[in-house]
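What follows is one structure encoded as structure tokens, with my remarks underneath.
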Amino acid sequence: MDDDDDFDFQALFFEECHELLGTLQEHLNQLADGTNDEETVHAAFRAVHSVKGGAAAFGFDQLISFAHIFETVMDLIRSDQMVPTAEINQILLRSGDMMEVLIEGAENGTPVDEEKLDNLQAELEHLASGEAPAASAPAAPVSASPSPAGAEPAVADGFELFGGDDEQGDDAGEPAAEPETEGETTREVTVRFTPDADFFASGHDPLRLLRSAKSHDLTSLEAIGQVPDLEAFDPSVCALSFEMVFQTAKSVSELEEFFEIYAHIADIEFLADAEEEDVSGEEEAEPPQSASVSPETPAETASPDAKPAPEATANDGQAQAKPMEAGKPAASGGAKQRGGPSKSLRVELPRIDRLVNLVGEMLITQAGIAQKLMEIQAADSSEDGMEMGHNVEAMSRQLRELQESVMAIRAQPVKSVFSRMPRVVRDLADKLGKEAKLELSGEHTEVDATVIEELAEPLTHMLRNSMDHGLEATTEDRIAAGKSRVGLIKLSAEHRGERVIITVEDDGRGVNRERVLAKARENNLISAEDNLSPEEIDMLIFHPGFSTAAEVSSVSGRGVGMDVVKKKIVSLGGRCALESTPGKGTRFEITLPLTLAVMDGMTIVVGDQKFILPLSSVVEALHIDSDALKHLPNGETLLERRGEFLRLIDLRTVLCQPTAGEAVDMAIVVDTETSGLVALVVDELIGQRQIVLKSLEANFRRVEGISGATILGDGQVALILDVPSLLSMNGSGGTYSEMMH
Amino acid sequence: MTDFPDVLENPDRAATSSGTIKQYVTFLVDDRSYGVDINLVREIKQWSPTTTLPNQPHFTRGVLNLRGTIVPVHDLRARFGGALTEATEVHVVVIVWIGSKTVGILVDAVSDIISVPTDDIRPVPSGQSLGDMSSLSGLVNTENGMVALLDLNTLFPVTDDEL
């Protein structure tokens, strides 16, 4: 049982860590951008501190020691003993990355680059010892003298010192009440300590605990409960719990640290505190710690008076402590953070998925009812039928609204993916020896969680491509081209209708069309006579197996890159576009649906079955004129459409549907993205509808050529066609179509 | 067939009755009896037309909509080398759990629920020219003849071999 508890806490800890690190990265980025406002520094410090606290509870030593020194440096900045120069900011950013690596290491057992860790740790220690990194003379503003002497004690006794004042920092939204005043006052903290059944068995001794509690200003102690009669007495179980009252100047977090070691073997409850506000502030700001100490404590965070208070303090603290800061952004930022947790609810994704699915079912059922009703009405146009029709219509509107609301629950800002990207760019900048800066915008654009999950991989590829191929090879090249030393990559997101548009734009050299062309000819992707427009040449880089990098680098491998991106995006029902200006830069634009749970589809009939084509790929529907058909020697048929030839694919053959019946003259032109436009022969076109995606893999397996399934109004399953993969089946499998005849 | 729902709703009763007695749902294909562990049977439904998949295995009848989830349906007769069943409304699809997946098995009719002491389960003779018998986990003699117990995992493996 204990193991289970531990496990849960650990999972919770990692979850929190990822969140905290997200915040940390964001704030560090802001710092690096020169926003040296106090709340940013505090927030970053708190994040590091919280991770450390959590790590301590689980004994992740590497992480603890690194977080500790990192925290020390952050504290120096926080207390104005060090001014963050560009160099320091760089180190901080890298430290943030390292924290992530360490947490991943602790979570998944992935190896940590020890050398890098040691180097970084040394750099941080260097900073902590009060020496700013060489060159850049700190242009100290109003700050207190950054004398090494002032910094020393913080290093020597880091833990203790912060203990006193990180309290203030943690009191979220409250930038800085001065440490001194708070340090003097003592307050009363009551802790109820209830040992678990196997407290003794695991070698603990309450007496020892109480003795050492004395050093934490334990003033009174009360044993609660009764030792049972001799017959019922079980000497191996501690029947009592203890209520300890501390009269201490130390912070709650320090006491928590003290009790942490018992957290797994006893129930520790922090009871009413003379300064309630402190407790709740602490708890809210440091979820992993409070969680690891006791499952009970979060209940206290709900204390209703917690919310209004901090805003007031925030402003006070602001005014007193830092007159030089512009109060507004920090205060509002703090308030927002503070208000956040109490108004949001953490729900496991599967629960929401179930809701989304159910709503999907209801939409299908509703469509079924509507269809049936139409049939009934057609047969008998009575008043009742009319009224029923109105009701069904109203229900359909409400359902749609319900669906939108449910989808909105799953909508998340793309920030969760975007915020990982600066690290990618920094890592690559190191590897490639290029200087680059990533600018993010539109991080708050909301997209369905299903899309967000899928976004990280293509985005990483695109950034790699921009770093490796987009930006000039060397800084000298950039300067020669009259650009700034540091390459700029912009990553942005925005809504456009029912879709989200994500762009990656660099200010590099643009696509080298001559080289692309040469390479394409070399690989026989195009013939020498092909006369391509510049845009067509640019699009070649999406072709599988295409890479113009003169030598294969570790960054962008052997042409595994843009075609993978394209495949992925297309499989998500999106599209890619590219715009390049030689010498100026390249701009990739990907368009994605806002959700993967619902999509627009075109219902078609092939043979005796209905299929769905993703509407995003449908270009047009046309009648086949027998004059427009051209036959190739290899048996393939081409369809002439306004002067251009398209491959004509008979879906009945591809989908093993019976080919009996009269010749059909309906074709749908589909953009496959990877191999251009093709025309598909279909028996009938039924129309456009919203469909709820279902997976075939859940109970069966992946089926080549089919991206999923949906349920039609009549309860039948319709398959969603994956045209590019259908084509490759058709292309590679001459054997396949022969087999079917 | 009438007392099915009753038993199906209380599969625990069957499981807890004893470690030595197991219950099997038996069904018919061409007058031959097959049995599946009752704990693996999720429900039994009447045949309804399925949606065929391109390139599906020869014994697969396609997929059907089981209250919102897509479930593949396999033809037991075809799986054992027979022709595809000419399915009509009197044919039955037994929905079973195979690992974490839900799968439908098309059979001619469901016949009974039998309780079998595990000691009475006879091994399948091997090494004879009986064809592939690895998909049977045992044989049981009942008053109404022999029942072949199916090993669903071998019969319809559901491991995803990612392409």
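The values are calculated or read from the model by the stated rules, or taken from the named source; none is laboratory data. Since the model is a prediction, treat every value here as computed from it, not as a measurement. All Cβ positions, even for glycine, are placed from backbone atoms using ideal geometry, and neighbour counts span all protein chains on display. To get the accessible areas, we keep the full protein, side chains included, count just its heavy atoms, and leave off ligands, DNA and RNA. Shrake-Rupley method; radii C 1.70, N 1.55, O 1.52, S 1.80 Å.
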| note | Any lysines whose Cα falls less than 23 Å from that of B:Lys101, other than same-chain ones fewer than 8 residues away, would be A:Lys694, B:Lys22, B:Lys45
| How big is segment A:384-432 on each of its three principal axes, counting only the C-alpha atoms and giving the largest first in Å? | 73, 16, 7
| note | By the Kirkwood definition, with r running over pairs of different Cα atoms, segment A:2-129 has a hydrodynamic radius in Å of 14.7 Å
| query | How high is the FRET efficiency between A:Met388 and B:Leu84 when r is their beta carbon distance and R₀ equals 35 Å, given to the nearest 0.05? | reply | 0.25
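As a test of reading the structure, rank A:Ile224, B:Ile114, A:Ile720 by solvent-accessible area (1.4 Å probe, protein chains only), most first. Mind dumping the intermediate values first?
Details: A:Ile224 55, B:Ile114 25, A:Ile720 0 Å².
Correct descending sequence by accessible area is A:Ile224, B:Ile114, A:Ile720.
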| task | For segment A:2-129, give the magnitude of the charge dipole about the Cα centre (Cβ charges: +1 Lys/Arg, -1 Asp/Glu; no others), in debye to the nearest 20. | result | 600 debye
| note | For segment B:44-53, in residue order, the Karplus 3J(HN,Hα) values (coefficients 6.51, -1.76, 1.60; θ = phi - 60°; whole Hz; Gly and Pro = x) are 10, 9, 5, 5, 9, x, 9, 9, 7, 9
| Ordering of A:697-706, B:81-90 by burial proxy (mean other Cβ atoms within 10 Å per residue, highest first) | A:697-706, B:81-90
| remark: Computed for B with A: buried accessible area summed over both chains, 1.4 Å probe, rounded to 100 Å², at 2000 Å²
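What is the average number of partner chain Cβ atoms found within 10 Å of a Cβ in A:701-713? Write down the numbers at each step before the final one.
Numbers: counts 10, 4, 6, 4, 3, 3, 0, 1, 5, 2, 7, 2, 0.
Per-residue shielding by partner chains comes out at 4.
Ranked highest first by average number of other Cβ atoms within 10 Å, how do B:23-32, A:479-488 line up?
Details: B:23-32: 18.4, A:479-488: 13.8.
Ranking the peptides B:23-32, A:479-488 by packing returns B:23-32, A:479-488.
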| request: Calculate the mean, over all residues of peptide B:57-70, of how many other protein chain Cβ atoms lie within 10 angstrom of the residue's Cβ. | output: 5
| Per the Kirkwood definition applied to all pairs of different Cα atoms, how many angstroms is the hydrodynamic radius of segment A:440-501? | 13.7 Å
| note | Label model pair A:Val245, A:Glu439: point-to-point distance (7 angstrom along the Cα→beta-carbon line) in nm is 6.1 nm
| field | Accessible heavy-atom area order of A:Met395, A:Met244, highest first, probe of 1.4 Å | value | A:Met395, A:Met244
| query | Which of A:Lys437/A:Lys490; A:Lys437/A:Lys519; A:Lys116/A:Lys431; A:Lys415/A:Lys567 have a Cα-Cα distance over 18 Å? | reply | A:Lys437/A:Lys519; A:Lys415/A:Lys567
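How large is Rg/Rh for segment A:598-731, to two decimals, with Cα atoms and a Kirkwood Rh?
Numbers: Rg = 14.6 Å, Rh = 15.3 Å.
Over the Cα atoms of segment A:598-731, Rg/Rh equals 0.96.
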| message | Classify segment B:21-155 from the C-alpha gyration tensor, please: rounded if a/c falls under 1.5, else prolate or oblate depending on whether a/b exceeds b/c. | response | prolate
| field | Cα-based Rg / Dmax (Å) for segment A:187-271 | value | 13.2, 45
| How many nm is it between the label spots at A:Ala518 and B:Trp97, if each spot is 7 Å from the Cα in line with the beta carbon? | 6.3 nm
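May I ask you to order A:509-519, A:595-605, A:401-411 by the average number of other C-beta atoms within 10 Å around their residues, highest value first?
Details: A:509-519: 17.6, A:595-605: 20.8, A:401-411: 15.5.
Going by the mean number of other Cβ atoms within 10 Å, highest first, we get A:595-605, A:509-519, A:401-411.
With every protein chain kept in the model, how would you rank B:Trp47, B:Trp97 by accessible area, 1.4 Å probe, largest at the top? Can you show the working numbers first?
On the way: B:Trp47 35, B:Trp97 95 Å².
The ordering from most to least exposed comes out as B:Trp97, B:Trp47.
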| query | Measuring from label point to label point, each 7 Å out along Cα→Cβ, what is the A:Ala201 to A:Lys584 span in nm? | reply | 7.4 nm
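How many partner chain Cβ atoms sit within 10 Å of a residue's Cβ in peptide A:714-720, on average, as a whole number?
Values: counts 1, 5, 7, 12, 2, 7, 0.
Partner Cβ neighbours, averaged per residue: 5.
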